[in-house]
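Undergrad: One structure coming up, written as structure tokens, with questions to follow.
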Amino acid sequence: AQGTGLRPMRDDDADYLLLSKWLTDERVLEWVMGRDNPYPVDRVIAKYRPRVRGHEAVVPCFIVLDGAPVGYLQYYPVAEASDYALEAAEDTWAFDLFVGEPALWSTGVGSAALRLAASFVFERLGAKRAVIDPRVENQRAIRAYEKVGFTKVKVLPARERHEGALRDCWLMELRGWAAS
């Protein structure tokens, strides 16, 4: 989507409050953390402040549309091949993202943001492969990732606890990068 960008998440109340707004919205939680697992602002600060301050390998970003934050994206080097049932982890980066404004779902914003992040890790950080692991039932996310060039590799059984049950996820990967 035209006008889509990324910016680092900031260590300020406004960013934590906005992330909490999204992570307490039942429509978002249905797909992201689970409606039984909301993140009020104190919980957002506890989880995300160490990332924002660079104390963890996870790099937190906001997806912006025409300068306004509309979602969240994080990227990080895969530490252990076993984290994603891979044969090797070197030069592999992982992504997690969501569009926090439901009115913007299925508009291409998520794909555009992921394309920017993938370009960055391949061109600037020397990635050879990128991975992402949406739940099998999250067809909207899977389509968005396929638009960027990610392909389904295998199902990771019982990968993620979501709303009280262990859910299967797709391991999707992108190898190599050609700016599109």
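Undergrad: Only one of (1) free of Cβ contacts under 8 Å to residues at least 12 places away in the same chain; (2) part of a loop (DSSP other than H, G, I, E, B) is not met by residue 125, so which one is it?
TA: It is condition (1) that residue 125 fails.
Undergrad: Moving on to the next point. Looking only at segment 1-43, count every residue that is open to solvent by 40 Å² or more (accessible area, probe 1.4 Å), over 24 Å from residue 144 (Cβ atoms) and outside any loop (DSSP other than H, G, I, E, B) and tell me the total.
TA: Within segment 1-43, residues that are open to solvent by 40 Å² or more (accessible area, probe 1.4 Å), over 24 Å from residue 144 (Cβ atoms) and outside any loop (DSSP other than H, G, I, E, B) number 6.
Undergrad: Of all the residues that make up segment 118-164, how many are over 17 Å from residue 84 (Cβ atoms) and buried (at least 22 other Cβ atoms within 10 Å of the Cβ)?
TA: 2
Undergrad: Which residue, of 129, 124, 115, is at negative phi and in contact with a Lys or Arg (Cβ under 6 Å, 6 or more places away or on another chain)?
TA: That would be 129, the only listed residue that is at negative phi and in contact with a Lys or Arg (Cβ under 6 Å, 6 or more places away or on another chain).
Undergrad: Among the candidates 100, 67, 108, single out the residue that is on the phi > 0 side of the Ramachandran plot and either modelled with pLDDT of 95 or more or crowded, with 20+ Cβ neighbours inside 10 Å (or both).
TA: Every option except 108 fails the conditions.
Undergrad: From 64, 44, 58, grab the single residue that is out of contact with any Phe, Trp or Tyr (no Cβ under 8 Å at 6 or more places or on another chain) and more than 18 Å from residue 135 (Cα to Cα).
TA: Exactly one residue qualifies, and that residue is 64.
Undergrad: Here are the criteria: (1) part of a loop (DSSP other than H, G, I, E, B); (2) free of Cβ contacts under 8 Å to residues at least 24 places away in the same chain. Tell me which single one residue 50 does not satisfy.
TA: (1)
Undergrad: Here's something else I'd like to know. Would you check which residues across segment 58-75 are hydrophobic (A, V, I, L, M, F, W, C) and free of Cβ contacts under 8 Å to residues at least 60 places away in the same chain and list them?
TA: 58, 59, 61, 62, 63, 68, 70, listed by residue number.
Undergrad: Please identify the pairs in which a residue from segment 76-105 that is over 19 Å from residue 39 (Cβ atoms) and in a helix (DSSP H, G or I) has its Cβ atom under 7 Å from the Cβ atom of a residue that is open to solvent by 20 Å² or more (accessible area, probe 1.4 Å) and modelled with pLDDT under 95, counting only partners at least 6 apart or on another chain.
TA: 81/87; 81/88
The values are calculated or read from the model by the stated rules, or taken from the named source; none is laboratory data. All of these numbers come straight from a predicted model, not from anything done at the bench. In this analysis, Cβ positions are derived from the backbone assuming ideal geometry, glycine residues included, and neighbour counts consider all displayed protein chains. In case anyone asks, the SASA skips ligands and DNA or RNA and just uses the protein heavy atoms, side chains included. Shrake-Rupley method; radii C 1.70, N 1.55, O 1.52, S 1.80 Å.
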